[in-house]
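> Shown below is the structure under consideration.
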Amino acid sequence: MALYEAFDEDVEVHGRTILAVVDDALSRFSESYRETAYDALAANGIDDPSPDEWYPQQAWLNTFEVLAEELEPHILDRLGEQIPDVAEWPTGISSVEDGLRSIDEAYRRNHRGGDIGSYRFTSTGDRTGEVTCKNPYPCEFDRGLIRAVARRYAPVESFVFVEERGERCRRDGDDACVYTVSW
């Protein structure tokens with residue numbers, strides 16, 4: 001699987017998600033970042049996204065690719081960190097484990113049609129686990145997302161550490177990456 005390539009051409013992203021990421025998350029960094037995203041969306045056929053419409057995931061992934069190329073890949077990590085604050089997210093979560101499991105539910109609320117991929121959490125110890133990200137989003141974005149979710153639900157004294165581990169990686173053409181998480 002190539003980087004920034006949807007698993008299925010029928011997959012769509014909800015407009016409210018696009019707007020939340022561009023207007024709320026990216027604008028936290030810079031208005032020019034927001035403008036870069038809107039220019040990339042327009043170049044991919046999304047001129048004026050509506051919060052009530054659904055848009056091709058491939059166009060959204062193409063926008064991520066532009067952001068990585070024009071603004072540096074580290075912005076995707078920072079953008080991933082913003083997602084729990086700006087996207088529609090499950091409620092009633094009280095632990096890191098449940099928080100990391102909720103990533104998949106949140107993902108499913110904001111994507112539809114065909115093979116959208118998944119996020120799977122597996123506990124590996126008292127305060128450790130693995131998240132397998134089988135989706136077409138960039139590694140940096142998922143790392144930031146996982147870190148933000150773990151931090152949100154970790155005890156105050158915890159140091160959250162996320163590291164890409166495993167034999168598979170999307171950067172190498174695989175369709176999944178595995179991250180270890182400790183808190």
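The values are calculated or read from the model by the stated rules, or taken from the named source; none is laboratory data. What you see is a predicted model; the values in this text were computed from it and never measured. With ideal geometry, Cβ positions are generated from the backbone for all residues, glycine too; neighbour counts draw on all protein chains shown.
> In segment 69-92, which residue that is in contact with an Asp or Glu (Cβ under 6 Å, 6 or more places away or on another chain) and of a type in the set (A, V, I, L, M) is farthest from S27 (Cα to Cα)?
Selected residue: L76.
> Okay, moving on. Would you mind telling me which numbered condition in (1) under 17 Å from the mean Cα position of the chain (by Cα); (2) of a type in the set (A, V, I, L, M); (3) surrounded by fewer than 18 Cβ atoms within 10 Å (Cβ to Cβ) A42 fails?
Condition (1) is where A42 drops out.
> Could you tell me how many of the residues in segment 158-182 are within 17 Å of G99 (Cβ to Cβ), surrounded by fewer than 19 Cβ atoms within 10 Å (Cβ to Cβ) and not small (G, A, S)? Steps first, please.
So in segment 158-182, the residues within 17 Å of G99 (Cβ to Cβ) come out as 158-162, 179-182.
The next check asks that each one be surrounded by fewer than 19 Cβ atoms within 10 Å (Cβ to Cβ); those that pass are 158-161, 180, 182.
So of that shortlist, the ones also not small (G, A, S) come out as 159-161, 180.
Within segment 158-182, residues that are within 17 Å of G99 (Cβ to Cβ), surrounded by fewer than 19 Cβ atoms within 10 Å (Cβ to Cβ) and not small (G, A, S) number 4.
> Does segment 137-183 hold any residues that are under 14 Å from the mean Cα position of the chain (by Cα) and among the basic types (K, R), and which are they?
R143, R147, R170 - these are the residues of segment 137-183 that are under 14 Å from the mean Cα position of the chain (by Cα) and among the basic types (K, R).
> Kindly list, by first and then second residue, each pair from a residue in segment 20-36 that is among the β-branched types (V, I, T) to a residue that is surrounded by fewer than 16 Cβ atoms within 10 Å (Cβ to Cβ), limited to pairs with Cβ atoms under 9 Å and residues at least 6 apart or on different chains.
Listed pairs, sorted by first residue: T36/S30; T36/E70.
> Take E140 and tell me if it is in a strand (DSSP E or B), touching a Gly at 6+ places or on another chain (Cβ under 9 Å) and of a type in the set (D, E, K, R). Lay out the reasoning, then the answer.
Working: in a strand (DSSP E or B): no; touching a Gly at 6+ places or on another chain (Cβ under 9 Å): yes; of a type in the set (D, E, K, R): yes.
The answer is no for E140.
> On the given criteria, is T17 assigned to a helix (DSSP H, G or I) and touching a strand residue (DSSP E or B) at 6+ places or on another chain (Cβ under 9 Å)? Let's see the steps before the verdict.
Numbers: assigned to a helix (DSSP H, G or I): yes; touching a strand residue (DSSP E or B) at 6+ places or on another chain (Cβ under 9 Å): yes.
Answer is yes for this residue.
> Identify, from the list T122, T180, the residue that is in contact (Cβ under 8 Å) with a residue 40 or more places away in the chain, among the polar types (S, T, N, Q) and not in a loop (DSSP other than H, G, I, E, B). So that I can check it myself, show each step before the final result.
Numbers: T122 fails: in contact (Cβ under 8 Å) with a residue 40 or more places away in the chain.
Just a single option satisfies the conditions, and that option is T180.
Results for (1) without any contact (Cβ under 8 Å) to a residue 12 or more places away in the chain; (2) in a helix (DSSP H, G or I); (3) surrounded by 19 or more Cβ atoms within 10 Å (Cβ to Cβ), shown as yes or no for each residue.
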site: L61; (1), (2), (3): no, yes, yes
site: Q82; (1), (2), (3): no, yes, yes
site: W89; (1), (2), (3): no, no, no
site: G99; (1), (2), (3): no, yes, yes
site: R108; (1), (2), (3): yes, yes, no
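> Residue check: is Y33 at pLDDT 90 or above, crowded, with 18+ Cβ neighbours inside 10 Å and outside any helix (DSSP H, G or I)? Walk me through it before giving the result.
Values: at pLDDT 90 or above: yes; crowded, with 18+ Cβ neighbours inside 10 Å: yes; outside any helix (DSSP H, G or I): no.
No, not satisfied.
> Would you mention how many residues in segment 67-80 are surrounded by fewer than 18 Cβ atoms within 10 Å (Cβ to Cβ) and farther than 16 Å from D142 by Cβ?
3
> Right, something else. What do you reckon, is S94 at pLDDT below 95, among the small types (G, A, S) and either closer than 18 Å to Y179 by Cα or not in a helix (DSSP H, G or I) (or both)? Step through it out loud before you land on a result.
Details: at pLDDT below 95: yes; among the small types (G, A, S): yes; either closer than 18 Å to Y179 by Cα or not in a helix (DSSP H, G or I) (or both): yes.
Yes: the conditions hold for S94.
> Restricting attention to segment 150-159, report how many residues are part of a helix (DSSP H, G or I) and touching a strand residue (DSSP E or B) at 6+ places or on another chain (Cβ under 9 Å). Walk me through how you get there before you give the answer.
To start, the set of residues in segment 150-159 that are part of a helix (DSSP H, G or I) comprises 150-153.
Next, from what is left, pick out any that are touching a strand residue (DSSP E or B) at 6+ places or on another chain (Cβ under 9 Å): 150.
So the count comes out to 1.
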